Structures are given as structure tokens and as C-alpha cells.
Amino acid sequence: HRPARNALLAALLAGMGAASWALDLQQAYDTALEQDANIRASRAAAESGRERLPQARAQLLPSLSASWERAKNRLETTQPNFLGQISTRDDTYMSYGKVVALRQPLFNKQRWAQYRQAEAQVEQAEAVLSDDLQKLAVRVSSAYFDALLADDQLALIEAAKATYTAQVDAARKALAAGSGTRTDIDDAQSRLDMAIAQELEARQNQDYTRRTLESLLNQPAGTLAGIDVTRMPLLPPDPLALEDWTRMAEDASAEIKAMKAQLEAARREVEKSQAGHYPTLDASAQWSDSASENITSIHSRYVNKAVGLQLSIPLYAGGYVNSTVRQALAEQERISESLEALRRDLALRVNKEYRGVTEGILRVRALEQAARSADQLVLSTRKSFEAGSRTQVDILNAEQSRMQTLRDLAQARYLYLLSRIRLQTLAGGDRDAAIAQVNGWLKH
């Protein structure tokens with residue numbers, strides 16, 4: 001019995017290896033967080049956006065500059081003398097200059113508006129990154145469940161093909177024995193040919209869904225952990241009321257936060273444009289040391305120290321300031337209307353995913369009952385066929401109905417799980433918790 005035991009041990013080790021290498025939803029999401037190109041781009045965009053604030057703050061702080069210059073000057077002078085003759089003289093001398101200047105804005109409404117605008121832009125960049133991370137949870141979950149559904153559909157079609165192959169063989173034997181008909185053979189063969197065609201399409205879909213998931217992971221996906229239906233509870237949304245979910249989405253949605261921050265930045269742009277009519281006041285201090293500034297001051301040195309105020313008052317800019325104000329107001333109106341449109345669209349999406357959870361529970365339960373009924377129908381039809389009250393075609397119809405029901409059931413389960421994750425992300429919930437909860441219902 002040693003060869004048998006060795007074979008059994010090899011099979012167990014192979015099974016353990018396959019299970020250990022099975023990729024689950026949590027692992028897929030964690031990998032995509034590091035490898036997805038869109039998330040990397042979003043993180044870089046957020047880093048870029050954060051730099052707007054120190055740049056705007058720098059415009060309000062003192063600026064200090066220093067310069068140094070040393071030059072060799074050569075001056076060629078040509079002029080007529082009192083006899084009308086042209087005389088030329090060359091003069092060569094060294095000059096230098098050192099300047100240290102300090103400037104501090106005292107009143108600059110435009111720069112203050114720019115600073116407030118930068119704060120809103122940083123908030124927008126953070127919200128956009130948060131929104132992209134929320135969407136990544138949905139994209140990974142959708143790609144993962146699409147790949148699982150493609151595997152399930154292929155497995156069902158392969159099972160149907162095996163059933164139809166057996167039915168064709170049984171129909172041929174029955175015809176040869178004189179108890180069957182040519183119609184039974186043709187019907188079974190027709191279904192077998194269709195199953196072969198569907199298998200080709202299913203394999204293409206399996207390859208496409210797997211590649212879609214792998215593009216998010218930037219690595220091969222391998223074996224995927226499937227749903228453990230014995231551990232998957234059909235839980236209603238918490239809280240239960242749709243109005244609560246809509247309110248949560250409006251308050252916490254990263255999309256709404258990003259749009260609100262964009263609207264605030266637009267308001268500050270209006271303020272910044274209007275500041276073009278305001279004067280600016282700067283305090284300045286300068287120290288300079290120079291020598292031999294020109295031909296008449298060779299060997300002369302000048303040290304100058306100056307402290308003062310500089311007031312600049314705009315008088316007329318050809319209508320430029322008024323035009324920028326009108327443009328900024330129009331942009332603010334556009335963003336305000338876009339925010340309202342986003343609120344309405346978000347409410348619709350929340351309603352859709354909420355129904356996807358609540359009605360998904362009912363659909364899964366109904367299809368589970370339908371699957372049990374389909375199994376019983378196949379069993380009863382086979383017994384009736386053996387008793388002579390059903391035909392081979394009746395068995396094929398029952399098998400086909402059962403396969404369709406199982407496919408619909410698998411699809412309903414994936415849609416239910418995906419709707420739960422989508423609802424959480426739309427409402428600004430904890431995406432990690434949503435992924436972890438669904439991941440706990442997979443086979444490990």
C-alpha cells in the first residue's frame with residue numbers, strides 16, 4: 001500500500017500548496033495599493049498639490065537677496081580737439097558693487113487670497129487622493145469578482161459539455177438498442193455543439209478578466225480564493241434606512257469633499273482677481289557698497305543704507321482686472337452647479353447600491369431555492385425517464401435549466417458583495433474594513 005499512500009500524500013501536498021498560493025481579495029487590494037499605476041499617479045499629484053501651500057506662504061514672508069558684481073571696464077573716447085582733429089583716448093578701470101536687500105509685504109490682498117486658495121487646493125488634492133483610494137477598492141473588488149465569475153461560468157459550461165457528451169453517447173446506444181430516436185441524438189448533439197462554442201467564449205472572458213485583475217496588481221494573479229457560501233451571511237445595510245446612507249454620503253464622500261474644496265478655491269480666485277484694484281504696501285531695507293561706478297567716479301567708493309516703505313496704487317489696466325473678475329465668477333458658478341449635479345448623481349448611485357444590497361439578499365435567497373428546486377427537477381426527470389414517462393429531451397432541458405440557475409446564483413452573490421463595498425465607499429466609509437469583511441467570507 002506504500003505507492004497508494006505516497007500518491008495520497010502527494011495529492012494532499014499539492015492541495016496545500018495550491019491553497020497556500022491562492023490570492024484572496026485582501027491580498028489583491030494590498031498589492032494594488034502599491035502597484036496600481038493610477039494610484040501611484042494620484043499620490044504624486046497629491047504631493048504636487050501639497051506644495052502649493054508653502055509656495056503661497058512664501059509670498060507673505062520676508063524676502064532677502066544679495067548680489068555682488070566686479071567688472072573690468074574699458075572706455076574708448078573719440079572727440080575732436082580745438083583744431084578740428086580727432087583724438088582718441090582709452091581708459092581702463094575696475095568697478096565693483098555689493099547689494100543686500102530685504103523686503104516684507106505689509107498689505108497685499110492678492111497674496112493673502114492666494115494663500116487661502118492654496119489651503120483649499122491642498123484640501124482638494126487630499127480629497128482626490130482619498131477618492132481614488134476609495135475607487136481602487138471598488139475596481140479591485142470588481143475585477144476580482146469578475147474573474148471568479150468567469151471561472152464559475154467556465155466550470156459550469158465544462159460540466160454541461162460533459163453532460164451533453166454523455167447524453168449523446170446514451171442516445172446513440174438507445175437508438176442502436178431500438179429504444180431511442182434520431183431526434184434524441186440530434187438534440188443532444190446540438191446542445192453539445194453550443195456548449196463547445198460557449199466554452200470558447202468563456203475561456204476568452206476568463207483570460208480577459210484575469211488580465212484586468214493582473215493589470216491592477218502588476219503581477220500574475222494565480223489561483224483566486226472563491227466564496228465560502230457557508231460563511232457568507234446575507235446582511236442588510238447598517239444603518240437600515242436609505243436616507244441615512246444618503247446623508248452619510250453627502251457628509252463624508254471624498255468626491256463631495258473634493259468638489260467643495262474646488263468651489264472654495266474658486267471663491268478665493270474671485271477674491272484674488274478683485275484684489276487687482278487694491279494697493280500694495282511693502283517695507284524695504286537695502287545696503288549697498290559700490291566703487292568706480294562710472295568714468296567720473298574712478299577710485300570713489302559709495303556705501304548706501306536705505307530703509308523705507310513702498311506703496312503701489314493701481315490706476316488703470318485697460319479693463320484687465322474687471323475681465324478676470326468676471327471670468328472667476330463664471331468659473332465659480334460652473335463649479336457650484338457641478339457640485340449640485342454631483343450631489344444628485346451621488347444620491348442616485350447610493351440608492352442603486354443600497355437596493356443592490358437589500359434586493360440582492362432577496363435575489364440570492366430566491367436563486368438558492370431555485371437551485372435546490374433545479375437539482376430536484378433533474379433527479380425527478382431522470383427517474384421519470386427510467387420509468388418511461390419522460391424523454392431524453394426532458395432531461396437535457398432540466399440540466400440546462402439547472403446550469404442557468406447556478407450561473408445566475410453565482411452572479412447574484414458577486415453582485416451582492418460588490419454592492420456592499422460600493423455602498424460603503426460611496427458613503428465615505430472605511431474601505432479597509434469593507435474589504436476585510438468580504439474577505440472573511442472567502443475560502444482560505
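The values are calculated or read from the model by the stated rules, or taken from the named source; none is laboratory data. Computed from a predicted model, the values in this text were never measured in an experiment. Cβ sites come from the backbone with ideal geometry, for glycine too, and all protein chains shown count toward neighbours. Surface accessibility is based on the protein's heavy atoms, side chains included, excluding ligands, DNA and RNA. Shrake-Rupley method; radii C 1.70, N 1.55, O 1.52, S 1.80 Å.
Taking 7 Å steps out from each Cα toward its Cβ at Lys109 and Ala436 produces label points 5.2 nm apart. The accessible surface of the range 127-282, taken with every protein chain in place and a 1.4 Å probe, is 53 percent carbon and sulfur. Here's the picture: charge each Lys and Arg Cβ at +1 and each Asp and Glu Cβ at -1 in the chain, and of Gln110, Ala261, Leu216 the one pushed furthest to the positive end of that dipole is Gln110.
For Thr223, the residues whose amide H sits under 5 Å from its own are Leu23, ignoring neighbours fewer than 5 places away on the same chain, with H placed 1.01 Å from N. In the chain, the calculated helix contribution to ellipticity at 222 nm averages -24000 deg cm²/dmol per residue, counting -39,500 (n - 2.57) for every DSSP H run with n ≥ 4. Using DSSP loop states and a limit of at most 15 other Cβ atoms within 10 Å to flag trypsin sites (Lys or Arg not before Pro), what is the longest stretch of the chain containing no flagged site? In short, 1-230. Centroid-to-centroid, using Cα positions, the range 409-425 and the range 108-166 are 14 Å apart.
With q set to 0.09, 0.13 Å⁻¹, the log10 of I(q)/I(0) for the chain, from the Debye formula over equal scatterers at the Cα positions, is -0.84, -1.22.
Among the listed pairs Lys383/Lys443; Lys109/Lys257; Lys109/Lys305; Lys272/Lys352, those whose Cα-Cα separation exceeds 32 Å are Lys383/Lys443; Lys272/Lys352.
Would you work out the charge dipole size for the range 284-422 about its Cα centre, treating the Cβ of every Lys and Arg as +1 and the Cβ of every Asp and Glu as -1, and quote it to the nearest 20 debye? Mind showing how you got there, number by number?
Details: 20 positive and 15 negative charges, 130 e Å.
Around 620 debye, computed over the range 284-422.
Positive-end ranking of Ala45, Ser336, Ser297 along the dipole of the chain, with charges on Cβ about the Cα centre, is headed by Ser297.
Compute, for the chain, the length of the dipole vector about the Cα centre, with Cβ point charges of +1 (Lys, Arg) and -1 (Asp, Glu) only. Units Debye, rounded to 20. Could you put the intermediate results ahead of the total?
On the way: 55 positive and 56 negative charges, 118 e Å.
With Lys and Arg at +1 and Asp and Glu at -1, about 560 debye.
Along the Cα-to-C-beta direction of Ala37, a point sits 7 Å from the Cα; which residues of the range 211-253 have their amide N less than 12 Å from that point? Of the residues in the range 211-253, 215-218 have backbone N under 12 Å from the label point off Ala37.
Ser288 sits among other residues whose Cβ lies under 15 Å from its own Cβ, and their net charge, with Lys and Arg +1 and Asp and Glu -1, is +2.
For the range 302-313, backbone phi angles converted through the Karplus equation (6.51, -1.76, 1.60; θ = phi - 60°) give residue-by-residue couplings of 10, 10, 10, 10, 9, 9, x, 10, 10, 10, 10, 10 Hz, Gly and Pro being listed as x.
With loop membership from DSSP and a limit of 12 other Cβ atoms within 10 Å, the longest segment of the chain without chymotrypsin sites (Phe, Trp or Tyr not before Pro) is 83-315. In the context of the full set of protein chains, the range 305-444 has a per residue accessible area of 58 Å² (1.4 Å probe).
Modelled spin labels at Ala177 and Lys443, positioned 7 Å past Cα toward Cβ, are 3.6 nm from each other. Considered as an equivalent ellipsoid built on the Cα gyration tensor, the range 279-404 has semi-axes of 92, 23, 14 Å, the largest given first.
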